[in-house]
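Heads up: the structure comes next, in structure tokens.
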Amino acid sequence: MARVAVVTGGTRGIGRAISEALKGAGYNVAATYAGNEEAAQRFKSETGIPVFKFDVAHFNACTEGVKAIEAALGGPIDVLVNNAGITRDATMHRMSHEQWSAVIRTNLDSCFNMSRAVIEGMRERRFGRIINISSINGQAGQIGQTNYAAAKAGILGFTKALAQEGASRGVTVNAVAPGYVETDMVRAVPPNVLEQIVARVPVGRLGKPEEIARAVLFLAADEAGYITGSTLSINGGQYMD
């Protein structure tokens, strides 16, 4: 029986590429989304991957969402990709508390909410793959993104701690930290700013969503059981740690 995989924020951008890659590799995939109904239904129609609408920033919604996914896909979740994320950029002296908390809830709290809903089952079955999507800006910081950088850096600590808890039970937990990738979020950056960003990338271009998806697919594999607590940076050499 195919392993069940869930990708949060899985209908657009990097999430969509991950969902499609997992399906192509034979996983039984579900994608979650929060708000863009048109994009989600188009994704479902084009890929045949079922979609589930709930807000991963809310604990109870995740608990119920996971139950609905497992019932619909006919089995427990083996692979969880915590990809959902938003930005609410502003410099600190202009950032509102809501801008701060919205990003922390969606980008960081969601990792706890979704992982908590699946971790007990993974431990009991002695198999699980949790892959958290961080960011170069969680490693290096970025002006105007104290909220986003804090959330993405928090994901790295979360990953290392949970990896230690799950290791003896066959549950691996890893992070992927993309650089600047061709997504709607990056395309919204003003062209002159984007040019400056690309100029700082040694390989001389933006990344592609499919390049991030290939890394996730590698970490999700049954054969990746000796890799845990790691962060795989995919940023074209822009930040090396």
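The values are calculated or read from the model by the stated rules, or taken from the named source; none is laboratory data. Small disclaimer: the values here were computed from a predicted structure and weren't measured. All Cβ positions, glycine included, derive from the backbone under ideal geometry; neighbour counts span all protein chains shown.
Things to note:
- The set of residues in the stretch 17-48 being within 20 Å of Gly74 (Cα to Cα) and β-branched (Val, Ile, Thr) consists of Val29, Thr32, Thr47.
- When the stretch 74-98 is filtered for residues that are over 14 Å from the mean Cα position of the chain (by Cα) and of a type in the set (A, V, I, L, M), the ones remaining, listed by number, are Ile77, Ala90, Met92, Met95.
- Residue check for Asn192: at pLDDT 95 or above, more than 14 Å from the chain's Cα centre (by Cα) and farther than 16 Å from Thr228 by Cβ: no
- The residues listed here are Gly74, Gly48, Gly26; of these, the one that is exposed (fewer than 14 other Cβ atoms within 10 Å of the Cβ), under 21 Å from Ile131 (Cβ atoms) and either out of contact with any Phe, Trp or Tyr (no Cβ under 9 Å at 6 or more places or on another chain) or modelled with pLDDT of 95 or more (or both) is Gly26.
- Meets criteria (surrounded by 23 or more Cβ atoms within 10 Å (Cβ to Cβ) and not small (Gly, Ala, Ser)) for Arg42: no
- Filter pass, Gly26 being in a loop (DSSP other than H, G, I, E, B), farther than 24 Å from Arg105 by Cβ, out of contact with any Ser or Thr (no Cβ under 9 Å at 6 or more places or on another chain) and not acidic (Asp, Glu): yes
- Qualifying residue in the stretch 8-22 (condition: surrounded by 20 or more Cβ atoms within 10 Å (Cβ to Cβ), charged (D, E, K, R) and within 21 Å of Ala221 (Cβ to Cβ)): yes
- In summary, Ser101 fulfils each of the numbered conditions (1) within 19 Å of the chain's Cα centre (by Cα); (2) under 18 Å from Thr228 (Cβ atoms); (3) surrounded by fewer than 17 Cβ atoms within 10 Å (Cβ to Cβ) with the single exception of condition (2).
- Single residue of Val198, Val189, Val203 found to be farther than 17 Å from Gly128 by Cα, in contact with a Gly (Cβ under 8 Å, 6 or more places away or on another chain), without any contact (Cβ under 8 Å) to a residue 60 or more places away in the chain and not in a helix (DSSP H, G or I): Val203
- Residue within the stretch 35-51 that is touching an Asp or Glu at 6+ places or on another chain (Cβ under 9 Å), free of Cβ contacts under 8 Å to residues at least 60 places away in the same chain and either under 23 Å from Ala153 (Cβ atoms) or outside any helix (DSSP H, G or I) (or both) present: yes
- Wholly within the stretch 67-164, helices (runs of 4 or more DSSP H) carrying at least 1 residues that are within 17 Å of Thr32 (Cα to Cα), aromatic (Phe, Trp, Tyr) and free of Cβ contacts under 8 Å to residues at least 60 places away in the same chain: 110-125
- The number of residues in the stretch 231-241 being in contact with a Ser or Thr (Cβ under 8 Å, 6 or more places away or on another chain) and outside any strand (DSSP E or B) comes to 3.
Listed here are the residues, each with its yes/no results for (1) β-branched (Val, Ile, Thr); (2) under 15 Å from Gly170 (Cβ atoms); (3) in contact with a strand residue (DSSP E or B) (Cβ under 8 Å, 6 or more places away or on another chain).
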{"site": "Ala102", "(1), (2), (3)": "no, no, no"}
{"site": "Thr106", "(1), (2), (3)": "yes, no, no"}
{"site": "Asn113", "(1), (2), (3)": "no, no, no"}
{"site": "Arg123", "(1), (2), (3)": "no, yes, yes"}
{"site": "Ile130", "(1), (2), (3)": "yes, yes, yes"}
{"site": "Gly141", "(1), (2), (3)": "no, no, no"}
